[in-house]
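**Student:** Have a look at this one before I ask anything.
The values are calculated or read from the model by the stated rules, or taken from the named source; none is laboratory data. Just so it is clear, the structure is predicted and the values come from calculations on it, not from any experiment. Neighbour counts run over all protein chains shown; Cβ positions are idealised from the backbone, glycine included. Ligands, DNA and RNA are excluded from the accessible area calculation, which covers all protein heavy atoms including side chains. Shrake-Rupley method; radii C 1.70, N 1.55, O 1.52, S 1.80 Å.
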Amino acid sequence: MNGISMVFPGKAVLGESPIWSWSRARLLWVDTLGASLNYFDPETGRNVEHAMPGPLGFVVEKNTGELIIGIGCHVELIDRTGKRRRIATAPHVKEGFRLNDASLDSSGRLWVGLIDEELKDGSGYLYRLDPDGEWHTVDSGFTLINGISWSPDCKTLYVTDSRRGVIYGYDNDPCSGEVSHRREVVSINPKKGKPDGLIVDQDGFLLSVLFDGAAIARISPEGEIERWLNLPVQRPTSCAFADDDRYLYVTTARLGLSETLLEKMPYSGALMRIDYKRALEV
């Protein structure tokens, strides 16, 4: 498949939030609606699944090797022994809301979105949870927050609203964590899919995974789509580089797909890998 391979034949309902764990030499990812935290070993191809008590929005890793996860509206810490403890609950909590995508910045601040599972227009929030436990409401009016990432110099914060098909940019102060000057970086034609997970490559290009678009859009910092990386699944969700930045891992979903589509796209719900260097040479 032109540098694309299926590395774990899972059947995730909604695979999401892949990250490379340096301390474990594993790819970590979640099945949000399947309520599981997964550890994938690229050396052996083995995936270890840990059941969770509710919808799991994200996983991120601290520089200590401890993990932070979002379960429902709560933020929990998993220590190196695997013990979980709750460390925070999001502001603006209401019935039917939950935390969705999240990222840690270089200072250990957690940036995370809160969504209404009914996806009521403008009901979502973007938060920053500082290491001292203080919450900051960064912005509001989102519908489905996904894909939170930064430019290589950390001076631009990117945030995706999947339902609106827009990736926003903010001026970011990496020292204080303050942001300003929100603007639209790119709007994705809904016929091309919904922008979901987002990371930024070493050259500063945005890699936006297109749910219902069977592709990843590589976008310049100026908002120009430079190329499409086509995928053999209808609903890719998010992506992450492994340790050497050559291989790009992609989570996928089976959510809402008919039996006919699942037969045509049997890798839906699986974990995939792209030889990114090879893909850019094409």
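**Student:** Per the helix-only calculation at 222 nm, which mean residue ellipticity applies to the chain, given -39500 (n - 2.57) for every DSSP H run of n ≥ 4 and division by its residues, nearest 500 deg cm²/dmol?
**Tutor:** Taking each H run of at least 4 residues, the total per residue is -1000 deg cm²/dmol.
**Student:** Under 1.5 on a/c is rounded, so check that first for segment 104-176, then, if it is not, pick prolate when a/b is larger than b/c and oblate when it is not; a ≥ b ≥ c are the square roots of the alpha carbon gyration tensor eigenvalues.
**Tutor:** On the way: a/c = 2.53, a/b = 1.43, b/c = 1.76.
The shape class here is oblate.
**Student:** Continuing with this model, one more query. Quote the accessible area belonging to GLU281 in square angstrom, nearest 10, computed with a 1.4 Å probe and with ligands, DNA and RNA left uncounted.
**Tutor:** Around 130 Å² of this residue is reachable by solvent.
**Student:** Continuing with this model, one more query. Pick from VAL48, VAL93, VAL209 the residue whose mean-square fluctuation is largest in a GNM of the chain, springs joining Cα atoms under 10 Å.
**Tutor:** Fluctuation is largest for VAL48.
**Student:** As an exercise, use a Förster radius of 45 Å and the Cβ-Cβ distance of THR64 and LYS264 to find the FRET efficiency, rounded to the nearest 0.05.
**Tutor:** With a Förster radius of 45 Å, E is 0.55.
**Student:** Same structure, new question: If the reach is capped at under 18 angstrom between alpha carbons, list the aspartates and glutamates near LYS94, excluding any in the same chain fewer than eight residues apart.
**Tutor:** ASP116, GLU117, GLU118, ASP121, ASP139
**Student:** Please say if segment 53-160 is rounded, prolate or oblate, where rounded means a/c under 1.5 for a ≥ b ≥ c the square roots of the C-alpha gyration tensor eigenvalues, and otherwise the choice is prolate for a/b larger than b/c and oblate otherwise?
**Tutor:** Values: a/c = 1.88, a/b = 1.14, b/c = 1.65.
It comes out oblate by the Cα gyration axes.
**Student:** For Cα pairs less than 8 Å apart in space and 6+ apart in sequence, what is the mean separation divided by the residue count of segment 202-282, i.e. the relative contact order in percent? If you can, show how the numbers build up before the last one.
**Tutor:** Numbers: 147 pairs, mean separation 18.0, N = 81.
22 percent.
**Student:** Normalised by the number of residues in segment 89-177, what is the relative contact order in percent for Cα pairs under 8 Å and 6+ residues apart?
**Tutor:** Values: 196 pairs, mean separation 18.3, N = 89.
The value is 21 percent.
**Student:** Still on this structure, please answer the following. Count the net charge of all other residues whose Cβ sits under 12 Å from the Cβ of LYS120, scoring Lys and Arg as +1 and Asp and Glu as -1.
**Tutor:** Taking every other residue near LYS120 into account, the sum is -2.
**Student:** If you don't mind, there's one more thing I want to ask. Among SER180, SER21, SER36, which one moves the most in a GNM of the chain with springs linking Cα atoms closer than 10 Å?
**Tutor:** SER180
**Student:** Quick one: with all protein chains in place, what share of the accessible area of the chain is carbon or sulfur, to the nearest percent (1.4 Å probe)? Kindly include the intermediate steps, with their values, before the conclusion.
**Tutor:** Numbers: 5730 of 12430 Å².
Roughly 46 percent, rounded to a whole number.
**Student:** Here's a follow-up. Along the charge dipole of segment 112-199, pointing to its positive end and built from +1/-1 on Cβ of Lys, Arg, Asp and Glu, which listed residue (CYS154, LEU129, ILE188) has its Cα farthest out?
**Tutor:** Checked the options; the winner is ILE188.
**Student:** If you put +1 on each Lys and Arg Cβ and -1 on each Asp and Glu Cβ, how big is the dipole of the chain around its Cα centre, in Debye rounded to 20?
**Tutor:** Computed charge dipole of the chain: roughly 640 debye.
**Student:** Right, next: From the protein chains alone at 1.4 Å, what is the descending order of accessible area for CYS73, CYS154, largest first? Spell out each step's value before the answer.
**Tutor:** On the way: CYS73 15, CYS154 35 Å².
Heavy-atom accessible area, descending, gives CYS154, CYS73.
**Student:** In addition: When only C-alpha pairs under 8 Å and at least 6 residues apart count, what is the relative contact order of the chain, in percent? Working shown, then result.
**Tutor:** Values: 768 pairs, mean separation 45.0, N = 282.
In percent, rounded to a whole number, it is 16.
**Student:** Per residue, how large is the accessible surface of segment 235-281? Use a 1.4 angstrom probe and give square angstrom.
**Tutor:** On the way: 2100 Å² over 47 residues.
Ligands and nucleic acids excluded, the figure is 45 Å² per residue.
**Student:** Does the chain classify as rounded, prolate or oblate by the C-alpha gyration tensor (a ≥ b ≥ c root eigenvalues; a/c under 1.5 gives rounded; else a/b over b/c gives prolate, otherwise oblate)?
**Tutor:** Taking the square roots of the gyration eigenvalues as a ≥ b ≥ c, the chain is rounded.
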